[in-house]
């Protein structure tokens, strides 16, 4: 799509684009290229000699048990957060859409957690579930459930999932509500006249018409789990206990901080890069096609 | 719809929504309550769901003095750092992206499409996938522990440019034609016609980017080493010593409340702009 009329010349547009392009090259392309280049290099233990090793860093990663576990954690984490937060948000949005009176007020009351930083969300949930002083943790313990996310990997994982889900509900709710409000009422009325029960109307009319929104949100939620949950994990568990909550992004961070294996760390970044590009591409492809079944 | 509405069917949606509001609000409520109690009450679990009497003491202590252990930086300083960072990122993004979108939409020049794609692709390069190389560049430029290092690398991204491009495409061509007939040059058209029309879009983008900037975590964690450069979101992490009884939870929770306040206020007060910004940047 282009404008019918436009200005000519290249000096002025070059000047206008210069700040953005300069920052993009210095802080986006250059580091990304360096990551790719470094992922093909291997440094010896003393950092004296560097040699080009093709895909050795990658094959090492795929053979590495920790890396595999971290990938599994990330996948499970994504599925859990996306499923939980999408279904809760959809349930709330459907009710808000029904309650015509007060829909606006409910929207205000439900969307503000979007503004809370992931790290702060982590602090809030840690405080409720902290094994020695958390209010809910004490409740668990008084019921005889030995809750301890600081020592038990499963408990830690689910605590992180809950905090991440909580933070994402408002975003999903906002988009689901917008999606529901854009469905023409006449379609639903037609189904009602045909004698479809409310439940049937939802599953055969509303839900399919909502599928572009659902699909879009599913991708956004997975990207969110991959990248934005870093703060939550760092505050609640620091990737532990025993790496039970170490996602791929967290692993890049903690491996890099320990120094050492530059090539391996770069290879991890490149794999993440490919995953993001893949997810974005899938999203664009499907959004263009407007998923309706 | 066609079903007869019963009391039950009218009350149920509200009940479910109120339950949702409760789940969403409870963790924050508990933080506010905890921030008004003494350390001992919290450690021993002797606080309920009602506020205690320590509010003024806890908040003034944390704002002006900081915690006694882990990080002694007063939270007021951290908030100023966060505020500076968020404002600078939001303003910077708007500035550079409105200019580049103007160039891409309103000019014909060689490699226009290539340049648009070069900017567009940065959507797929979140800072997390290029942490260490970017960190190294910032370190080499001597920008560690500076506001420039904190903000400039986060300023360039495609979201703003795409949003403005999308908006410019909806601006009628007649305006440009009229402006050209009046003999206006490109920059005059930009100042007198395009910019005034874009103010709502600018404001919506500002709201979203302010929240994004305020909530940054990983980047300031790497770039700041001095306590005086800490943002509040980083500061709170240092107050919480997971395995230890040293955490002064009443102060940490007061800090959490202070860290939530500005971005939440922005969302609630400017809800219309916020929703517009959020929905449109995701298109």
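For the segment B:104-114, counting C-beta atoms of other chains within 10 Å of every residue's C-beta and taking the mean gives 5.
Peptides B:53-64, B:127-138, B:38-49 ranked from most to least packed give B:127-138, B:53-64, B:38-49, packing being the mean of other C-beta atoms within 10 angstrom over each peptide's residues.
The ratio of the alpha-carbon radius of gyration of region B:74-224 to the globular-protein estimate 2.2 N^0.38 Å is 1.20. Each peptide in A:136-142, A:125-131 was scored by the mean count of other Cβ atoms within 10 Å over its residues; highest first, the order is A:125-131, A:136-142.
Rg and Dmax over the alpha-carbon atoms of region A:10-68 stand at 18.1, 54 Å.
Taking the three principal axes of the alpha carbon atoms in region A:123-231, the coordinate ranges are 57, 33, 19 Å, sorted in descending order. Mean per-residue shielding of peptide B:24-36 is 5, counting Cβ atoms of other chains within 10 Å of each Cβ.
Kirkwood analysis of region A:57-189, using all unique Cα-Cα pairs, places the hydrodynamic radius at 17.4 Å.
Which angle from 0 to 90°, rounded to the nearest 10, does the C-alpha axis of helix B:75-106 make with the longest principal axis of chain B? Compared with the principal axis, the helix lies near 20 degrees.
Using alpha carbons only, the radius of gyration of chain B set against its Kirkwood radius gives Rg/Rh = 1.08.
Compute the separation of the alpha-carbon centres of region B:165-208 and region A:132-149 and state it in Å as a whole number. Comparing the Cα centres of region B:165-208 and region A:132-149, I get a distance of 58 Å.
Only helices enter the 222 nm calculation for the protein assembly as shown: every DSSP H run of n ≥ 4 contributes -39,500 (n - 2.57), and dividing by all residues gives -21500 deg cm²/dmol, rounded to 500. For region A:64-289, the Cα-based Rg and Dmax, in that order, read 20.2, 68 Å. Per-residue shielding of B:211-223, expressed as the average number of other chain Cβ atoms within 10 Å of the residue Cβ, stands at 4. For the protein assembly as shown, the Stokes-Einstein estimate of translational diffusion at 4 °C and a viscosity of 1.567 mPa s comes to 50 µm²/s, using the Kirkwood hydrodynamic radius over alpha-carbon pairs. Taking Cα atoms only, the orientation of helix B:158-170 departs from the longest principal axis of chain B by about 50 degrees.
Overall dimensions of region B:160-283, expressed as equivalent-ellipsoid semi-axes from the Cα gyration tensor (√(5λ), whole Å, largest first), are 44, 15, 11. The packing ranking, built from the mean of other Cβ atoms within 10 Å per residue, places the peptides B:173-186, A:19-32, B:264-277, B:210-223 in the order B:210-223, A:19-32, B:264-277, B:173-186, highest first.
We did not get these values from a lab; they are worked out from the coordinates using the rules stated. This structure is a prediction, so every number in the text was calculated from the model and none was measured. All Cβ positions, even for glycine, are placed from backbone atoms using ideal geometry, and neighbour counts span all protein chains on display.
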